[in-house]
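Read through the structure below, which is laid out as structure tokens, and then see the notes.
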Amino acid sequence: MPNSKTTTCQINATRLYSSLETLGQIGRYTDAETGLQGVCRLALSAEDGEGRRLVLSWMRELGLEVTVDRIGNVYARRSGLRPDLAPVMVGSHIDSVPTAGRFDGCLGVLGGLEIVRTLNERGTETQRPVVVAFFTDEEGCRFGTDMLGSAVATGRLALEQAYDLRDREGLRLGDELEKIGFLGQADEKVAAPYAYLECHVEQGPILGAKRVDIGVVTGVQAISWQALTILGKSAHAGATPMNLRADAGLAASRINVQLRAMIASGEYGEMRATMGCIAPQPGLVNIVPGRVEATVDLRNPSDLHMRKSEQDLLAFYEQVQSEEKVEIRWRQTARTEAVAFSPSLQQRIAEAAQGAGLSHQPIIAGAGHDAQEFARICPSAMVFVPGEYDGISHNPREFSTQQQCANGIHVMFEVLLQLANEIAF
Ligand code: GLV
Ligand code: MN
Ligand code: MN
């Protein structure tokens with residue numbers, strides 16, 4: 001049944017949507033090109049701090065017990081009849097890329113709060129506690145490592161290593177966390193929840209194109225990020241003979257074109273590759289670039305294909321170094337393997353969607369998500385909702401309707417209620 005409406009929606013769709021709108025005002029900017037309203041709430045910026053304080057105030061209004069850990073992750077707990085049992089956790093992030101819409105991450109967090117609001121107003125008690133969480137710097141845009149807070153909480157990244165990350169201005173993550181007032185006291189290692197659930201906008205075109213209401217997320221593809229510094233020789237653009245150049249800009253271009261050629265070769269499965277930053281220095285019309293700072297983002301649903309692409313790319317760097325007389329320094333800034341979500345939770349999500357008359361299909365996540373970190377320590381799963389305009393995301397045009405958002409949180413509500421009332425998985 002395409003784009004059917006749920007008749008039994010458990011949550012208040014208007015209230016949920018209005019909370020997304022309110023949070024979206026923090027860090028709001030007008031996109032000069034399109035006139036659209038975008039959101040810029042970079043991790044640990046003043047705007048992130050303001051957004052965090054707003055969400056915290058909502059958590060407290062709901063009577064939740066709020067904890068901030070040493071990496072700034074925030075956990076809001078609703079007690080259960082059996083407080084000794086591990087909680088069901090609902091989470092995501094509220095930091096954003098600099099050119100965001102208002103849904104990425106926020107739907108998962110504010111959807112979790114809407115579920116709690118609904119339970120509270122109905123006086124519904126659950127056996128297990130329910131925790132709504134948001135994690136520090138999921139986006140990785142500022143400090144170069146994505147899913148940072150959830151990776152620290154679940155033990156993939158060490159706290160001190162995270163504190164010592166620096167942004168482009170050289171500002172240290174630990175100091176910035178303190179500056180916005182979110183350097184908490186609680187142990188950063190989270191106790192394994194009974195299960196972890198996350199609702200998110202799809203950020204791609206698949207569900208929208210097929211007019212499917214709910215994506216049952218099967219897993220997340222592998223991610224590999226590198227920061228490159230390419231060193232050549234800055235020289236006069238007119239007077240330097242071509243054979244005497246060491247053009248760092250050309251070297252960066254060759255790497256970018258090579259990535260596209262690797263994809264076209266078909267040897268790397270469903271590889272995706274992006275050089276999102278290519279910054280030549282001095283960056284002037286009549287000077288051969290002597291230095292380029294650049295980034296490489298590789299994604300692949302297959303770990304095997306990912307590893308092969310990484311190896312072959314490094315070999316290509318060697319080739320470019322010798323052919324272009326440049327030095328290529330590279331540093332791995334983030335690396336995660338492909339992750340599969342709990343089949344049993346996927347089944348429950350599909351059944352909950354079915355029960356509400358919502359069409360659904362399995363889908364793999366293109367983006368990274370906090371749920372992939374929790375999948376290491378407990379059964380975890382994700383619900384996707386479609387986005388309009390080909391599901392565009394990391395862009396002010398990112399947009400999901402009130403109904404699409406409500407459908408996803410309704411499904412979350414149903415699955416959460418089951419999990420929170422059972423003693424064994
Ligand atoms: C996070 O949004 C990512 O880049 O996958
Ligand atoms: Mn996200
Ligand atoms: Mn994102």
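Any idea which of (1) within 16 Å of ligand 3 (Cβ to nearest atom); (2) in a loop (DSSP other than H, G, I, E, B); (3) in contact with a strand residue (DSSP E or B) (Cβ under 7 Å, 6 or more places away or on another chain); (4) not charged (D, E, K, R) is the one residue 204 doesn't satisfy?
Failed condition: (3).
Here are some residues: 327, 373, 337. Which one is over 22 Å from the mean Cα position of the chain (by Cα) and of a type outside the set (Lys, Arg)? Spell out the reasoning first.
Numbers: 373 fails: over 22 Å from the mean Cα position of the chain (by Cα); 337 fails: over 22 Å from the mean Cα position of the chain (by Cα).
The conditions single out 327.
Hey, could you check the range 32-50 for residues that are aliphatic (A, V, I, L, M) and at pLDDT below 95 and say which is surrounded by the most Cβ atoms within 10 Å (Cβ to Cβ)?
From the range 32-50, those aliphatic (A, V, I, L, M) are 32, 36, 39, 42-44, 46; that's our starting set.
Then keep just the ones that are at pLDDT below 95; that gives 32, 36.
Numbers: 32: 8, 36: 15.
Here the answer is 36.
The rows are residues; the columns are (1) within 15 Å of ligand 1 (Cβ to nearest atom); (2) over 21 Å from residue 134 (Cβ atoms); (3) polar (S, T, N, Q).
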| site | (1), (2), (3) |
| --- | --- |
| 359 | no, yes, yes |
| 366 | yes, yes, no |
| 371 | yes, no, no |
| 378 | no, no, no |
| 387 | yes, no, no |
| 392 | yes, yes, no |
| 398 | yes, no, no |
| 413 | no, no, no |
| 419 | no, no, no |
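Restricting the first residue to the range 161-183 and requiring it to be in a loop (DSSP other than H, G, I, E, B), which pairs with a second residue that is of a type in the set (Ser, Thr, Tyr) and surrounded by 15 or more Cβ atoms within 10 Å (Cβ to Cβ) meet a Cβ separation below 7 Å and a spacing of at least six or different chains?
From residues that are in a loop (DSSP other than H, G, I, E, B), the pairs are 165/145.
Considering 61, 114, which residue is without any contact (Cβ under 8 Å) to a residue 24 or more places away in the chain and not basic (Lys, Arg)? Walk me through it before giving the result.
Numbers: 114 fails: without any contact (Cβ under 8 Å) to a residue 24 or more places away in the chain.
Unique residue meeting the criteria: 61.
Working only within the range 312-328, note down all residues that are of a type outside the set (Phe, Trp, Tyr) and farther than 21 Å from residue 144 by Cα.
Going through the range 312-328, the residues of a type outside the set (Phe, Trp, Tyr) turn out to be 312-315, 318-328.
Matches in the range 312-328: 312, 315, 318, 319, 320, 321, 322, 323, 324, 325, 326, 327.
Can you pull out every residue in the range 264-313 that is surrounded by 16 or more Cβ atoms within 10 Å (Cβ to Cβ), without any contact (Cβ under 8 Å) to a residue 24 or more places away in the chain and assigned to a helix (DSSP H, G or I)?
none
Would you check which residues across the range 215-239 are outside any strand (DSSP E or B) and within 12 Å of residue 289 (Cα to Cα) and list them?
So in the range 215-239, the residues outside any strand (DSSP E or B) come out as 221, 232, 234, 237-239.
Those that are outside any strand (DSSP E or B) and within 12 Å of residue 289 (Cα to Cα): 232, 234, 237.
Does residue 149 satisfy being surrounded by fewer than 24 Cβ atoms within 10 Å (Cβ to Cβ), assigned by TED's automatic domain parsing to the domain that holds residue 50 and out of contact with any Gly (no Cβ under 6 Å at 6 or more places or on another chain)?
Numbers: surrounded by fewer than 24 Cβ atoms within 10 Å (Cβ to Cβ): no; assigned by TED's automatic domain parsing to the domain that holds residue 50: yes; out of contact with any Gly (no Cβ under 6 Å at 6 or more places or on another chain): yes.
No, not satisfied.
Going through 354, 361, 347, 372 one at a time, which residue ends up being in contact with a strand residue (DSSP E or B) (Cβ under 8 Å, 6 or more places away or on another chain) and free of Cβ contacts under 8 Å to residues at least 12 places away in the same chain? Spell out how you get there, then give the answer.
Numbers: 361 fails: free of Cβ contacts under 8 Å to residues at least 12 places away in the same chain; 347 fails: in contact with a strand residue (DSSP E or B) (Cβ under 8 Å, 6 or more places away or on another chain); 372 fails: free of Cβ contacts under 8 Å to residues at least 12 places away in the same chain.
Selected residue: 354, the only one of 354, 361, 347, 372 that is in contact with a strand residue (DSSP E or B) (Cβ under 8 Å, 6 or more places away or on another chain) and free of Cβ contacts under 8 Å to residues at least 12 places away in the same chain.
So which of 228, 207, 197 ends up being modelled with pLDDT of 95 or more and in the same structural domain as residue 252 (by TED's automatic domain parsing)?
On the way: 207 fails: in the same structural domain as residue 252 (by TED's automatic domain parsing); 197 fails: in the same structural domain as residue 252 (by TED's automatic domain parsing).
Testing whether each residue is modelled with pLDDT of 95 or more and in the same structural domain as residue 252 (by TED's automatic domain parsing) leaves just 228.
I'm told residue 145 meets every condition in (1) of a type in the set (Val, Ile, Thr); (2) under 18 Å from the mean Cα position of the chain (by Cα); (3) more than 14 Å from ligand 3 (Cβ to nearest atom) except one. Can you identify the failing condition by its number?
Against the list (1) of a type in the set (Val, Ile, Thr); (2) under 18 Å from the mean Cα position of the chain (by Cα); (3) more than 14 Å from ligand 3 (Cβ to nearest atom), residue 145 comes up short only on (3).
Among the residues in the range 122-141, are any of a type in the set (Ser, Thr, Tyr), more than 19 Å from residue 91 (Cα to Cα) and more than 16 Å from ligand 1 (Cβ to nearest atom)?
Yes, some residue in the range 122-141 is of a type in the set (Ser, Thr, Tyr), more than 19 Å from residue 91 (Cα to Cα) and more than 16 Å from ligand 1 (Cβ to nearest atom).
From the list 69, 104, exactly one residue is in contact (Cβ under 8 Å) with a residue 24 or more places away in the chain and touching a helix residue (DSSP H, G or I) at 6+ places or on another chain (Cβ under 8 Å). Which is it? It would help to see each step written out before you state the result.
Numbers: 104 fails: touching a helix residue (DSSP H, G or I) at 6+ places or on another chain (Cβ under 8 Å).
Criteria check complete, one pass: 69.
I'd like to know if the range 119-139 contains one or more residues that are part of a helix (DSSP H, G or I), within 19 Å of residue 182 (Cα to Cα) and free of Cβ contacts under 8 Å to residues at least 60 places away in the same chain. Steps first, please.
Just the residues of the range 119-139 that are part of a helix (DSSP H, G or I), to begin with: 119-122.
With within 19 Å of residue 182 (Cα to Cα) added as a condition, the list becomes none.
Checked against the condition, which is being part of a helix (DSSP H, G or I), within 19 Å of residue 182 (Cα to Cα) and free of Cβ contacts under 8 Å to residues at least 60 places away in the same chain, the range 119-139 yields no hits at all.
The values are calculated or read from the model by the stated rules, or taken from the named source; none is laboratory data. The structure presented is a predicted model; accordingly, all values stated were derived computationally and were not measured. All Cβ positions, glycine included, derive from the backbone under ideal geometry; neighbour counts span all protein chains shown.
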